[in-house]
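Enquirer: Would you mind keeping the following structure in view while I ask a few things?
Read-outs throughout are calculated quantities, based only on the coordinates presented, and are distinct from any laboratory measurement. Quick caveat, the model's predicted, so the values are computed rather than measured. Heads up, the Cβs are rebuilt from the backbone with ideal geometry, glycines too, and the neighbour counts pull from every protein chain shown.
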Amino acid sequence: MLMMSIIGLVLSLGLALLLTPQVKKFAFKVGAIDVPNARKVHTRVMPRLGGLGIYLAFIIALFLVLPFVYPDLSLRDTNFIKAFVVGGSMIVLIGALDDRFELSAKVKLLGQIMAACVVVFGFDISVDFVNIPFQDNFKYLESWISIPLTIFWIVGVTNAINLIDGLDGLAAGVSAIAIGTILVMSLLMGNMMIALLCMVLLGAIIGFLFFNFHPAKIFMGDSGSLFLGFCLAMLSLLGFKQVAIVSFMTPLIIIGVPLSDTFFAIIRRWVHKKPIFAPDKGHLHHCLRQLGFSHRQSVLIIYSIAAFFGVLAVIQSSAAFYDANWVTFVVICIMMFFMQIGAEVIGLVGLTKKPLLSLLSRLKLKPHTERGPK
């Protein structure tokens, strides 16, 4: 199956290179365009719907390789792939309609919930256990907990990727790094079905990035950011549900960049008494631009942060093989420390909201102030 996964990656990459220019023409033809405004960094009209190129490349390549790997798939794997394709198709449709007609937030949210419900109720996919770090046994969840938890996870991660889609190549690159992390973990665990999905999806994203990295020729739009968010939600959590070595923290670390940006956005708006869903220019990529970094530099910095989270996730997950729960504790502490320091340095919450930096500054100055004059 590994060889077919590699072939799937090459196929999807080639298809993305061929299909994305056609999607660009289609976007202009149907009026799915992005007009510059005060919140956006681009200065010219850009075609959206780029996510349609990613989706088509992924779907076509997947169906081309599936007949060759189907005999090796279990019933559970087959069911998961069906849920992945059907739910992903619904999400792409919602995103494409938004790219063209700019749907309201409520309509998009309702569509995402419907897609999540199809996954959960239509294909019986849900989180039925969780391995909480520092405890020896798995805690099996009752359906009244697992079902809403799964729906919340899918909808939450889907929107988290959408929120970071603010610079050329940003959402696609961060998603590719997260998917690459899941690919490494799936290979280490021997989960070849997840490896297959990751490789085919990774090829489609890389092919699309040829047209989306700065300076972009096409935006992925909501059809792309929502689809990639949905894929990450499924792969980062549900794909490993049958593997009894993944702790509850691992999927959170894998998508640490979009989740932390979303978390700090909520805190920022709460602190400044603004509606939680109100758009602003305080996201990670906005702050980096305000600090003087170029468009490309800002994207590469965020790529580096995403890769850092990916390495932490692999370390934490690998430690679970040996029941080294202290590694999970160390990883969480390192992650939280750097997240808070980074947020304060670049002003994710606000330029004056820097409690940890202020504390470190006071601790550094304390020995000097205690000496006093002799």
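Enquirer: Could you check the simple spin-label distance between Ile267 and Asn79, using points 7 Å along Cα→Cβ, in nm with one decimal?
Expert: Taking the simple label geometry, Ile267 and Asn79 are separated by 3.9 nm.
Enquirer: Okay, moving on. Full-extension gain between Lys281 and Ile6, please, as 0.36 nm times their residue separation minus the C-alpha to C-alpha distance.
Expert: Roughly 95.0 nm would be gained on extension.
Enquirer: Also, I was wondering about something else. What FRET efficiency comes out for the pair Lys274/Leu300, r = Cβ-Cβ distance, R0 = 35 Å, nearest 0.05?
Expert: Approximately 0.70, to the nearest 0.05.
Enquirer: Another question, then. Shape of the stretch 69-117 from its Cα gyration tensor (a ≥ b ≥ c, root eigenvalues): rounded if a/c is under 1.5, otherwise prolate when a/b > b/c, or oblate?
Expert: It comes out oblate by the Cα gyration axes.
Enquirer: At R0 = 56 Å, how high is the FRET efficiency between Arg362 and Phe68 if r is their beta carbon distance? Nearest 0.05 is fine.
Expert: Efficiency for this residue pair is about 0.35.
Enquirer: What list of whole percents do you get for P(r) of the stretch 65-220, with Cα-Cα distances grouped in 10 Å bins up to the one holding the largest distance?
Expert: Bins of 10 Å from zero give 9, 30, 39, 18, 3, 0 percent of pairs.
Enquirer: How far apart, in nanometres, would the label points at Cys333 and Trp144 be if each is projected 7 angstrom from Cα along the Cα-to-Cβ direction?
Expert: 3.9 nm
Enquirer: At each listed q (0.15, 0.16, 0.26 Å⁻¹), what is the log10 of I(q)/I(0) that the Debye formula gives for the stretch 27-99 modelled as equal alpha-carbon point scatterers?
Expert: Scattering profile of the stretch 27-99, log10 relative to I(0): -0.65, -0.70, -1.19.
Enquirer: Take peptides 116-124, 311-319 and line them up by average Cβ neighbours within 10 Å, highest first, as a rough protection proxy.
Expert: 311-319, 116-124
Enquirer: How much length, in nm to one decimal, is gained on full extension between Phe210 and Ile315, taken as 0.36 nm per residue of separation minus their Cα-Cα distance?
Expert: Once the chain is fully extended between Phe210 and Ile315, it gains 34.7 nm.
Enquirer: Please turn the phi angles of the stretch 111-121 into ³J(HN,Hα) values with the Karplus equation 6.51 cos²θ - 1.76 cosθ + 1.60 (θ = phi - 60°), one per residue in order, whole Hz, x for glycine and proline.
Expert: x, 5, 5, 4, 5, 5, 5, 4, 4, 6, 8
Enquirer: Show the residues, 5+ positions off or on another chain, whose built amide H is closer than 5 Å to the amide H of Ile33.
Expert: When sequence neighbours closer than 5 places are left aside, the close amide H contacts are Arg48.
Enquirer: Then there is this: Could you tell me which of rounded, prolate or oblate describes the stretch 253-309, using a ≥ b ≥ c as the square roots of the eigenvalues of the alpha-carbon gyration tensor, with rounded for a/c under 1.5 and, failing that, prolate when a/b is larger than b/c and oblate otherwise?
Expert: The shape class here is oblate.
Enquirer: Let me ask something else. Based on the mean of other Cβ atoms within 10 Å per residue, sort peptides 70-76, 163-169, 21-27, 224-230 so the most packed one is first.
Expert: The packing order, highest mean first, is 224-230, 163-169, 21-27, 70-76.
Enquirer: Could you check the spin-label model distance between Leu18 and Val107? Points 7 Å from the Cα along Cα→Cβ, value in nm.
Expert: Output for this residue pair reads 3.4 nm.
Enquirer: The stretch 163-237 to the stretch 8-84: how many Å between their Cα centroids?
Expert: If we compute the Cα centre of each part, the gap is 10 Å.
Enquirer: Within the stretch 4-37, which residues have the backbone N less than 17 Å from the label spot 7 Å out from Val118 along Cα→beta-carbon, could you tell me?
Expert: No residue passes the distance filter.
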